[in-house]
Amino acid sequence: MTMAPTLYAQRRACLLEQMCCGIAVIPTAEEVARNGDTHYAYRHDSSFYYLTGFAEPEAVLVLIAGAAPQAILFCREKNLEREIWDGYRVGPEAAQQQFGFDAAYPIAQLDEKLTELMANQPVLFCPLGADAAWDQRLLRLRTAVQAKVRSGIRAPDEIRDMRALLHEMRLLKDAAELDIMRRAAANSAQAHRRAKQFTRTGLFEYQVEAELLHEFCRHGARHAAYPSIVAGGAHACVLHYVDNHARLNGGELLLIDAGCEVEGYAADITRTFPVNGKFSAAQKEVYEIVLAAQAAAIAAARPGNTWDAPHDAALRILAQGFIDLKLCRGSVDSVLESESYKRFYMHRTGHWLGMDVHDAGDYKVGDQWRKLQPGMVFTVEPGCYIRPADDVPQALWNIGIRIEDDVVITAQGSEVLTAAAPKTVAEIEELMRT
Ligand code: GLY
Ligand code: MN
Ligand code: MN
């Protein structure tokens with residue numbers, strides 16, 4: 001638990017109020033085997049953790065709405081043998097007290113208790129469709145409750161996906177969440193500084209990755225928020241390049257997209273810089289266009305603007321830049337209209353950021369782009385990816401650039417959480433000289 005237990009209790013109360021009536025079943029993530037006797041690093045389910053602060057596997061939150069709302073946790077029992085081998089378990093008794101649940105039971109009792117708790121509830125809320133095995137299990141339990149109809153017991157008539165309710169809550173970050181996200185951003189920015197200072201011609205991409213991971217871990221962030229992209233030269237034009245195995249050549253750019261996870265919250269930063277510390281004229285020309293596009297997008301990130309305003313602002317600058325570079329022909333409007341820019345900029349300019357790197361929340365309300373509000377956090381990440389082709393000036397071949405920052409909307413405009421990672425040409429060249 002990284003925040004005060006009352007904060008999680010408030011979130012549960014808020015969800016219970018929106019449910020009005022019925023029962024909600026919210027499981028955490030499963031442990032996943034990697035190979036023999038080895039598991040992938042365990043990561044709780046974000047929504048489950050948002051409501052509980054409980055980080056152990058094999059746990060389920062049950063909420064019962066109505067006049068006397070209840071929050072019940074199912075978790076692993078204390079077990080000396082398992083704790084000797086695998087480590088500490090909170091256990092139901094301590095979990096109830098420390099985390100402020102109305103009740104807590106051993107996870108082994110889940111099915112039996114759920115058939116009791118589901119009885120006479122009109123609605124069953126769950127993350128419907130998120131995990132087929134869970135959907136099946138809940139349907140089976142509902143059928144078991146239906147079998148008791150002759151004793152006057154009714155099973156929930158309705159099954160509702162509750163993720164939309166939860167995702168709306170997660171979209172607006174509170175002060176405690178922003179505090180953690182500032183730390184994730186600062187730690188990640190520091191790792192990007194370290195990577196720039198370390199990079200030299202002839203090193204391998206994975207050696208730079210090691211510096212990033214070292215800096216994350218050194219400050220207590222044990223995990224990257226997503227697999228780090230350390231892409232030299234042409235690899236920067238592969239959007240999700242994660243091989244990170246190639247040697248770095250002088251005269252090429254290095255694109256690094258990496259961020260750490262701190263107390264369950266992600267940072268997501270991309271920086272692009274010359275391997276040898278000095279931009280060539282062609283690299284600088286493209287870089288300045290992407291940087292200007294990013295500045296325009298960040299300026300458009302303010303309350304009252306819609307979600308697509310930063311993307312549109314970036315696109316106009318990129319379209320003009322692509323015309324100037326002779327990558328696209330026509331006017332800015334015709335390049336936007338024909339979408340010919342998509343050959344060199346094929347992704348959108350950002351996504352919500354929070355517990356998940358691509359965080360929860362809809363981008364449209366009905367068929368309208370959502371209005372930006374204080375507390376929304378998202379990335380601003382324009383780029384330009386130029387693959388070799390006969391109709392492309394050769395000096396630009398294999399230049400791949402993305403510049404990505406994390407931004408929170410404030411009452412006045414926005415705050416760039418990742419500003420400590422240098423990004424102007426002068427700042428980058430200065431840092432790499434030292
Ligand atoms: N690092 C993932 C992304 O930028 O969306
Ligand atoms: Mn991103
Ligand atoms: Mn990224």
Residue 97 paired with residue 39, simple spin-label distance in nm, labels 7 Å along Cα-to-beta-carbon
2.6
Long-range amide H partners of residue 29, meaning residues 5 or more apart or on another chain whose placed amide H is closer than 5 Å, are 45
Most fluctuating residue of 310, 374, 393 in a GNM of the chain with Cα springs under 10 Å: which is it?
393
Using the Cα centre of segment 1-156 as origin and beta-carbon charges of +1 (Lys, Arg) and -1 (Asp, Glu), tell me which of 121, 24, 91 is placed farthest towards the positive end of the dipole.
121
Between 103, 267, 68, where does the largest GNM mean-square fluctuation fall for the chain, given springs only between Cα atoms within less than 10 Å?
68
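Tell me, what is the FRET efficiency for residue 179 and residue 223 to the nearest 0.05, using R0 = 25 angstrom and their Cβ-Cβ distance as r?
Once the sixth-power term is evaluated, E becomes 0.85.
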Label-point separation, residue 30 to residue 285 (7 Å along Cα→Cβ), nm
5.4
Collect residues whose amide H, placed 1.01 Å from N in the peptide plane, falls under 5 Å from the amide H of residue 121; neighbours closer than 5 in sequence don't count.
none
Which ³J(HN,Hα) values, rounded to whole Hz and listed in residue order, are derived for segment 401-410 from phi using the Karplus coefficients 6.51, -1.76 and 1.60 in 6.51 cos²θ - 1.76 cosθ + 1.60 with θ = phi - 60°, glycine and proline given as x?
9, 9, 10, 10, 10, 10, 10, 10, 6, 10
The relative contact order of segment 1-90, taking Cα pairs under 8 Å that sit 6 or more residues apart, comes to a percentage of 29
In Å², rounded to a whole number, the accessible area per residue of segment 278-434 with probe 1.4 Å is 44
Roughly how big is the chain's charge dipole about its Cα centre, with Cβ charges of +1 (Lys, Arg) and -1 (Asp, Glu), in debye to the nearest 20?
200
Given the peptides 256-265, 5-14, 281-290, arrange them by the average over their residues of other C-beta atoms within 10 Å, most packed first.
256-265, 281-290, 5-14
Whole-number percent relative contact order across segment 193-341, with pairs defined as alpha carbons under 8 Å at least 6 apart
16
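Given a Förster distance of 25 angstrom, what is the FRET efficiency for residue 172 paired with residue 342, based on the Cβ-Cβ distance and rounded to 0.05?
0.20
Hey, any idea what % of segment 145-244's accessible area is carbon plus sulfur with a 1.4 Å probe?
On the way: 2570 of 4830 Å².
On segment 145-244, the fraction of accessible area on carbon and sulfur atoms equals 53 percent.
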Restricting to DSSP loop positions (anything but H, G, I, E, B) with no more than 14 other Cβ atoms inside 10 Å of their own Cβ, which GluC sites (Glu not before Pro) remain in segment 338-434?
339
Regression test value, accessible area per residue of segment 102-216, probe 1.4 Å, units Å², expected 48
What value, in deg cm²/dmol to 500, does the helix sum -39500 (n - 2.57) over DSSP H runs of n ≥ 4 give at 222 nm once divided by the residues of the chain?
-11500 deg cm²/dmol
Extreme residue, positive dipole direction of the chain, given options 269, 413, 204 (C-beta unit charges):
413
Computed from the beta carbon distance with a Förster radius of 41 Å, FRET efficiency for residue 390 and residue 365 to the nearest 0.05 stands at 0.35
Around residue 194, under 12 Å between beta carbons, what's the net of Lys plus Arg minus Asp minus Glu among the other residues?
+1
From the phi of every residue in segment 36-42, what ³J(HN,Hα) in whole Hz does the Karplus formula 6.51 cos²θ - 1.76 cosθ + 1.60 yield, where θ is phi - 60° and glycine or proline is x?
x, 6, 10, 10, 4, 3, 6
At 0.36 nm per residue, and after removing the present C-alpha to C-alpha distance, how many nm does the segment from residue 198 to residue 247 gain when stretched out fully?
16.2 nm
Please report the relative contact order for the chain, taking Cα pairs under 8 Å with a sequence separation of at least 6, and give it as a percent rounded to a whole number.
13
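The values are calculated or read from the model by the stated rules, or taken from the named source; none is laboratory data. This one's a predicted model, so the numbers in the text were calculated from it and none came from an experiment. Here Cβ is always computed from backbone atoms with ideal geometry, including for glycine, and neighbour counts include all displayed protein chains. SASA here: full protein model, heavy atoms, side chains in, ligands and nucleic acids out. Shrake-Rupley method; radii C 1.70, N 1.55, O 1.52, S 1.80 Å.
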